[in-house]
1. Applying the Karplus parametrisation 6.51 cos²θ - 1.76 cosθ + 1.60 with θ = phi - 60° to the phi angles of region 112-118, what ³J(HN,Hα) value in whole Hz is obtained for each residue in order, glycine and proline being reported as x?
2. Tabulate in residue order the Karplus-calculated ³J(HN,Hα) for region 21-26, using 6.51 cos²θ - 1.76 cosθ + 1.60 with θ = phi - 60°, rounded to whole Hz; enter x for Gly and Pro.
3. Report the gain in length on full extension from ALA125 to ARG56: 0.36 nm times residue separation, minus Cα-Cα distance, nm rounded to one decimal.
4. Convert each backbone phi in region 255-272 into a coupling constant with the Karplus relation 6.51 cos²θ - 1.76 cosθ + 1.60 (shift: θ = phi - 60°), then list the ³J(HN,Hα) values in order as whole Hz, x for Gly and Pro.
5. Ranked from highest to lowest mean number of other Cβ atoms within 10 Å per residue, what is the order of the peptides 174-184, 71-81, 221-231, 112-122?
6. Helix-only estimate, please: 222 nm mean residue ellipticity of the chain, summing -39500 (n - 2.57) across DSSP H runs of length 4 or more and dividing by its residues, to the nearest 500.
7. State the Cα centre-to-centre distance between region 67-104 and region 215-282 in whole Å.
8. Once you have the Cα-Cα distance between GLU222 and THR251, take 0.36 nm times their residue separation minus that, and quote the gain in nm to one decimal.
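Please treat every number below as a calculation from the coordinates, not as lab data. Note that the structure is predicted; figures quoted are calculated from it, not measured. Virtual Cβ from ideal backbone geometry, glycine too; neighbours counted across all protein chains shown.
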Amino acid sequence: MECFQKNVACLHGELLHERLGLPGLASVLSHSFLARNLAECGAFAEGRAPAEEGVRIAEAADHPYSRLVAYWAVGFRYLCKGDLSQAIPVLERALDLAQGAHIGLGVPWVAAPLGAVYALAGQTAEALPLLEQAVEQGVAMRLLLDHALRVAWLSEAYLLAGRLDEVYTQARHALEFSRAHQERGHEAYALRLLGEFHARHDPPEVEQAEAHYRQALALAEELGMRPLQAHCHLGLGTLYLKLGRGEQACTALSAAIGLYRAMEMTFWLPQAEAALARVGGA
């Protein structure tokens, strides 16, 4: 974030529409990746201006690749926050642009977050082929950027579709790839999904689930990834509720609710509040 903030501060005036040897406008790329990192940290309000400014600059220049990156950043921010109705049209627009402008590497890059949004929206029939194809295309093109994240999104889509065997396979692949390439944020995503897999096993594999959730949470806390922290607390709280460990469930779910409320992540908030209510009822 510090790097991209410096870039944004420097790239103005005549430099605003310079590529500086990059495939897109340097100012658009800097605004967009700043917005993406702010979203990962749950700074959604702070990320809105750079995301929208990236779109404004890209559209004013009418540069397809820059527009693609700008739309992707806006969609990524909405995805992290759980604003699905806002994320879908902008990511669909990005995918149409990538396909229409023949930006080959852009297709799997924007199709994957669109698939992740579809999965959260309950549209797994649309999500799974889109994510599967995005992962396959990325590998074929040797597009390593965000590969582990695409695989993690695919794993979560399988989770939401109830296909637990595929959840484990993809989460393990995301974990191995992220560790091999020292992508610690993506490692945290993969660890949470392994926690979800073990927690939803019948019967729950409690020690493995708790260990993976805790590893993911520790890494997310170290990296400042607050939305992922909230998801880990929700997973732990749900697991403890299932096990009848009320005090631990209450602590974890309260932490999740506090984070979701602070970041205005209203998509997951009702789920956490309903689980906490069940703790009180028990």
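1. Listing the rounded values in order: 5, x, 5, x, 5, 5, 4 Hz.
2. In residue order, the calculated couplings are x, 8, x, x, 4, 4 Hz.
3. Stretched fully, the ALA125-ARG56 segment lengthens by 21.5 nm.
4. Each residue of region 255-272 in turn: 5, 4, 4, x, 5, 4, 5, 4, 9, 6, 8, 6, 5, 8, 4, x, 4, 5 Hz.
5. Values: 174-184: 16.9, 71-81: 25.9, 221-231: 20.5, 112-122: 24.1.
By packing density, highest mean first, the sequence is 71-81, 112-122, 221-231, 174-184.
6. Helix-only estimate at 222 nm: -26000 deg cm²/dmol.
7. 29
8. Numbers: separation 29, 0.36 × 29 = 10.44 nm, distance 2.01 nm.
Result for the pair: 8.4 nm of gain on full extension.
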